[in-house]
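So the structure is just underneath, and the comments pick up after that.
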Amino acid sequence: MNALSVEAFERRAKEAEDRLGRIEKKLASRSGGGVSSENLCDILAVLYDVRSTLGREKVKSQNSEAKQASLENQVSKLEEENSKLRYQILHLKRNLEAHMT
């Protein structure tokens, strides 16, 4: 996941959390204005489920970011080691050729 997609995901998650908060406040402020208590409980249950799913996905996203950063660091170290080994091979080949002639 690149930084842009993570930022977009976090922005959408924040927007969803804000909308959920507004809906919860609106539902909580209603005093039986056409919404039965059963219906309200069902709606709140769905909202809490959505909020928990959103939280789990946010944690997964953060874990993926950390893993990606770790892998990028590992790739960088391996590329550096590879470069050093190629340099050693080059000088070993030159030495071998010099001693064979």
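Can you tell me which residue among Glu65, Glu72, Glu57 is closer than 30 Å to Glu17 by Cβ, charged (D, E, K, R) and in contact with a Phe, Trp or Tyr (Cβ under 9 Å, 6 or more places away or on another chain)? Explain how you work it out, then say what you get.
Numbers: Glu65 fails: in contact with a Phe, Trp or Tyr (Cβ under 9 Å, 6 or more places away or on another chain); Glu72 fails: in contact with a Phe, Trp or Tyr (Cβ under 9 Å, 6 or more places away or on another chain).
Testing whether each residue is closer than 30 Å to Glu17 by Cβ, charged (D, E, K, R) and in contact with a Phe, Trp or Tyr (Cβ under 9 Å, 6 or more places away or on another chain) leaves just Glu57.
Assess whether Ser61 counts as being in contact (Cβ under 8 Å) with a residue 60 or more places away in the chain, surrounded by 10 or more Cβ atoms within 10 Å (Cβ to Cβ) and within 19 Å of the chain's Cα centre (by Cα). Lay out the reasoning, then the answer.
Details: in contact (Cβ under 8 Å) with a residue 60 or more places away in the chain: yes; surrounded by 10 or more Cβ atoms within 10 Å (Cβ to Cβ): yes; within 19 Å of the chain's Cα centre (by Cα): yes.
Answer is yes for this residue.
Here's the yes/no breakdown for (1) at pLDDT 90 or above; (2) outside any helix (DSSP H, G or I); (3) under 12 Å from the mean Cα position of the chain (by Cα); (4) not charged (D, E, K, R):
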| site | (1), (2), (3), (4) |
| --- | --- |
| Lys14 | no, no, no, no |
| Leu27 | no, no, no, yes |
| Asn39 | no, no, no, yes |
| Arg51 | no, no, no, no |
| Lys67 | yes, no, yes, no |
| Glu80 | yes, no, no, no |
| Ser83 | yes, no, no, yes |
| Leu90 | yes, no, no, yes |
| Leu96 | yes, no, no, yes |
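Looking at the structure I just gave you, is Asn73 within 29 Å of the chain's Cα centre (by Cα) and at pLDDT 95 or above?
Details: within 29 Å of the chain's Cα centre (by Cα): yes; at pLDDT 95 or above: yes.
So Asn73 passes the test.
The values are calculated or read from the model by the stated rules, or taken from the named source; none is laboratory data. The structure presented is a predicted model; accordingly, all values stated were derived computationally and were not measured. With ideal geometry, Cβ positions are generated from the backbone for all residues, glycine too; neighbour counts draw on all protein chains shown.
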